[in-house]
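Down below is the structure, laid out as structure tokens.
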Amino acid sequence: MWYDRIKIKEVSYMIQGVIFDMDGLMLDTETLAIPAWLKAGKTYGFPITEEQVAHTFGFSVQGMQEYFMSLFGDKFPFEKALQIRKDYVNEWIDEHGVPFKPGLLELLPFLKDNGYKIAVATSCDLERVTRYFHQGGIMDFFDAVVTGEMVPRSKPHPDIFLKACKELGLDPSVCLGLEDSPAGLESIFRAGMTAVMIPDKIPYSDQLKEFTGTVLGDLSEVITYLENESRTR
């Protein structure tokens, strides 16, 4: 269901829940995804480019598969290539630690201390979310975890954010969604939530004005955003 921006702005002063994307928003895993996919392409003889990988940011596994198959045809060994991607990222994290994006470790305690409900709505699989969150010591901050395999349609459809709102027991109109990708921002908007963009690999552009006019530099700025918002209640 589509909601106009006027309605969203009218309810934005009632934020009770914050719903995060994961890759590129909370964790700097999209930086790792690029060399991982390039390695997979080289391994199997397919000329995957950085631009093609960036195009998949925010996609579900099924969406990535459909995209790469459209580029390279049925001979592209997607499952094997995906495993190379997963192994590359997991090995990097095992060696170097979970790559948190700036401001995350300040924002999560702020939200918890101030009574906001917290969820993650990510296109990736549950195993990867729980692995990274436990390794990084942040699992206990979250009241709900919603992943791509739990909903019938992936971003930019609103399903994943609507389910996250339902798991939190909140109406979408009182939830703030944080995203770095165009598909994710559209998903938040279509769910009837307030959307905030924190750009990662894809910069903000005029094409995204339909979904949000709020762009922040990093996650720590969400604290100021919410503090200012709370003063208008």
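The residue of the stretch 92-139 that is surrounded by the most Cβ atoms within 10 Å (Cβ to Cβ), among those that are basic (Lys, Arg) and under 27 Å from residue 15 (Cα atoms), is 101.
Results for (1) touching a Cys at 6+ places or on another chain (Cβ under 6 Å); (2) at pLDDT 95 or above; (3) outside the structural domain of residue 161 (by TED's automatic domain parsing), shown as yes or no for each residue.
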| position | (1), (2), (3) |
| --- | --- |
| 42 | no, yes, yes |
| 56 | no, no, yes |
| 72 | no, yes, yes |
| 83 | no, yes, yes |
| 106 | no, yes, no |
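Looking only at the stretch 57-68, which residues are more than 12 Å from the chain's Cα centre (by Cα) and within 20 Å of residue 152 (Cβ to Cβ)? Residues satisfying the conditions are 61, 62, 63, 64, 65, 66, 67. Residues in the stretch 167-199 that are without any contact (Cβ under 8 Å) to a residue 24 or more places away in the chain, under 16 Å from residue 20 (Cβ atoms) and surrounded by fewer than 24 Cβ atoms within 10 Å (Cβ to Cβ): 1 in all.
The values are calculated or read from the model by the stated rules, or taken from the named source; none is laboratory data. Every value quoted in this text rests on a predicted model; they were computed, and no experiment measured them. A quick note on method: Cβ atoms are made from the backbone with ideal geometry, for glycine too, and the neighbour counts reach across all protein chains shown.
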